[in-house]
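The values are calculated or read from the model by the stated rules, or taken from the named source; none is laboratory data. What you see is a predicted model; the values in this text were computed from it and never measured. All Cβ positions, glycine included, derive from the backbone under ideal geometry; neighbour counts span all protein chains shown.
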């Protein structure tokens, strides 16, 4: 590494919160590597399938307050 990590860390600490978030996003993308080809199309197909199941009454949605209530009761156990 051309520059010491401590120097880079010092520069990062001087960044604004917005810039830190952007830097973190870029670093995570770098670590994740390139996106899989077709991932957007796969998610779009999944969204369409789930939406169709809801529209056709194949599945029943659960209101968020019910879901969070169940989570709260499980956490309190």
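Out of contact with any strand residue (DSSP E or B) (no Cβ under 9 Å at 6 or more places or on another chain) and part of a helix (DSSP H, G or I): is that true of residue 35 in this structure? When the stated conditions are applied, residue 35 does not pass them. The residues of segment 1-27 that are surrounded by 10 or more Cβ atoms within 10 Å (Cβ to Cβ) and not in a helix (DSSP H, G or I) amount to a single one, 15.
Evaluation of residue 52 against the conditions (1) at pLDDT below 95; (2) assigned to a helix (DSSP H, G or I) shows that the sole unmet condition is (1).
Among all residues of segment 39-46, there is at least one that is under 19 Å from the mean Cα position of the chain (by Cα) and either exposed (fewer than 10 other Cβ atoms within 10 Å of the Cβ) or touching a residue at least 40 places away in the same chain (Cβ under 8 Å) (or both).
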